[in-house]
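Worksheet: the structure to be examined is printed underneath.
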Amino acid sequence: MTTPPNRAPERPAALPAWNPPSPEARSRFLAALKPDSNGLVAAIAQVHGTGEVLMLAWMNGEAVEETLRTGRVTYYSRSRKGLWRKGETSGQVQHLIDLRLDCDGDALLATVHQDGVACHTGRRSCFSWGLQGEEVRPLEPVRADPEALYGRPG
C-alpha cells in the first residue's frame, strides 16, 4: 500500500506521538551539521529497541529539516537529485524515534520504527550480504517482492 506524496502515513499507535522540535531547535541542529562538498551527510538507520542496522543513505539540510518536522525519515537521493521520503512509493516507511549527530557533525544516526522492509531488494536490511564460503551472497531472505513494492525487480 503506498501513501500519496501529499499525505504523510499514519504513525503506528504503538509509537509515542511525534512532537517536533521547535523551529529554533531545528535550526540549531542544522547549524551543527558539517556536510561534505555536495551538502550531504551520511545517515544510518537503526531499529529502535534492537539496534539492527537497516541502511545507510544521505541527507541534506532540507531532508534533515523535514525529518525533524514530520517524524517521517526523509533522505536525499543522489541518483534522483532530490528528496526521498522513505516509503513514498513502497509503503515501507521509517518513523523517526530519535536523530543524533556524531561528534564531528558529518554523520547522523536515525533510530527508527521500520514499516516492512528497508532494502529495495525486499530484504529487511540493506546489510544482508556477506561471505558464504568463498562467495559473496545474500545471507537474509527476501521478505517482500521488490516488483510488488516498486513495480520493478530489486
Computed over the chain: longest principal axis from alpha-carbon atoms vs helix 23-32 long axis, angle to nearest 10 degrees, is 70 degrees
Listed by chain and number, the residues whose amide H is under 5 Å from that of D106, excluding neighbours fewer than 5 places away on the same chain and using placed H, are K34
Mean-square fluctuation maximum in Gaussian network of the chain, Cα pairs under 10 Å, restricted to T50, T121, T74, hits T50
Between (i) 14.5, 41; (ii) 20.7, 65; (iii) 15.8, 53, the structure-derived Rg and Dmax of the Cα atoms in Å is (iii)
Taking the chain and counting helices only, DSSP H stretches of n ≥ 4 at -39,500 (n - 2.57) each over all residues, the nearest-500 ellipticity at 222 nm comes to -4500 deg cm²/dmol
Shape call for the range 73-149, from the Cα gyration tensor axes a ≥ b ≥ c (a/c under 1.5 means rounded, otherwise prolate when a/b beats b/c, else oblate), comes out oblate
Ranked by GNM mean-square fluctuation in the chain (Cα springs under 10 Å), the top entry among E135, E62, E52 is E135
In debye to the nearest 20, the charge dipole size for the range 1-140, taken about the Cα centre with +1 at each Lys and Arg Cβ and -1 at each Asp and Glu Cβ, equals 400 debye
Measuring from the longest principal axis of the C-alpha atoms of the chain, the long axis of helix 61-70 (C-alpha) lies at a number of degrees, nearest 10, equal to 90 degrees
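No value in this document is a laboratory result; all are computed from the given coordinates. Please read these numbers as outputs of a predicted model, since none were measured by experiment. In this analysis, Cβ positions are derived from the backbone assuming ideal geometry, glycine residues included, and neighbour counts consider all displayed protein chains.
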